[in-house]
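What follows is a set of notes on a single structure, which appears directly below.
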Amino acid sequence: MITINKKERTFTCQLCGNDFITTATRAKYCPTCRKIMQNVRSRDYRNKKEHGEHIRKIGEKDICIECGKPYVVRSGFQKVCDECRKKYTNQKKVKANNDYRNKTYDSCLFYVQKGEKEKLQEYAKAHELSLNELVNTAIKEYIRNNK
């Protein structure tokens, strides 16, 4: 059996506001509130079922939220048809990446002479760095050497 060390992350519970540590990547609730929310979801599901509200089932037809075409439901979280899936998931990834980047990093814009960008990119690639990593490393080195 192979054991993989998972990175522990700190999250803030969206229900009680307390910080908690987990190896999950998208946790919303602390362990205590998670149980509460599972009970709420179960109760809501039972209420819908008892009152005859429509509950989507695997294999049923539903309408794509992107293009409006009907599709067969293959999973509980599916909201779009196969044709729109790639576009829809890319939109979600782009938004998540932008949110993470905006929360984690500041940005700097700088200009280089025409043709220099490609040279810098090639140099970075040759040293197995991204252009961003190369620039950040160069700045840190400059600061360290010129204190």
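The values are calculated or read from the model by the stated rules, or taken from the named source; none is laboratory data. Computed from a predicted model, the values in this text were never measured in an experiment. Cβ: placed from backbone, ideal geometry, glycine included. Neighbour counts: every protein chain shown.
Inspect the stretch 21-28 for any residue being at pLDDT below 95, in contact with a helix residue (DSSP H, G or I) (Cβ under 7 Å, 6 or more places away or on another chain) and either surrounded by fewer than 11 Cβ atoms within 10 Å (Cβ to Cβ) or of a type outside the set (S, T, N, Q) (or both) and give the result as yes or no.
Among the residues of the stretch 21-28, not one is at pLDDT below 95, in contact with a helix residue (DSSP H, G or I) (Cβ under 7 Å, 6 or more places away or on another chain) and either surrounded by fewer than 11 Cβ atoms within 10 Å (Cβ to Cβ) or of a type outside the set (S, T, N, Q) (or both), which makes the answer no.
Pairs please, first residue from the stretch 132-147 and within 18 Å of residue 107 (Cα to Cα), second anywhere and at pLDDT below 95 and surrounded by 10 or more Cβ atoms within 10 Å (Cβ to Cβ), Cβ atoms under 6 Å, 6+ apart in sequence or on different chains.
Filtered contacts from the stretch 132-147: 134/124.
Of all residues in the stretch 68-83, which are surrounded by 13 or more Cβ atoms within 10 Å (Cβ to Cβ) and out of contact with any Phe, Trp or Tyr (no Cβ under 9 Å at 6 or more places or on another chain)?
Result: 71, 73.
Is the stretch 99-120 home to any residue that is surrounded by 10 or more Cβ atoms within 10 Å (Cβ to Cβ), within 27 Å of residue 26 (Cα to Cα) and in contact (Cβ under 8 Å) with a residue 12 or more places away in the chain?
Within the stretch 99-120, not a single residue is surrounded by 10 or more Cβ atoms within 10 Å (Cβ to Cβ), within 27 Å of residue 26 (Cα to Cα) and in contact (Cβ under 8 Å) with a residue 12 or more places away in the chain.
How many residues does the stretch 114-138 hold that are assigned to a helix (DSSP H, G or I) and within 25 Å of the chain's Cα centre (by Cα)?
Adding up the residues that qualify gives 4.
Please tell me if residue 10 is of a type in the set (Ser, Thr, Tyr) and exposed (fewer than 10 other Cβ atoms within 10 Å of the Cβ).
Here the answer is yes, as residue 10 does meet what is asked.
Residue by residue through the stretch 61-100, note down the ones that are within 21 Å of residue 42 (Cβ to Cβ) and modelled with pLDDT of 90 or more.
Once the filter is applied, which keeps residues that are within 21 Å of residue 42 (Cβ to Cβ) and modelled with pLDDT of 90 or more, the stretch 61-100 yields only 73.
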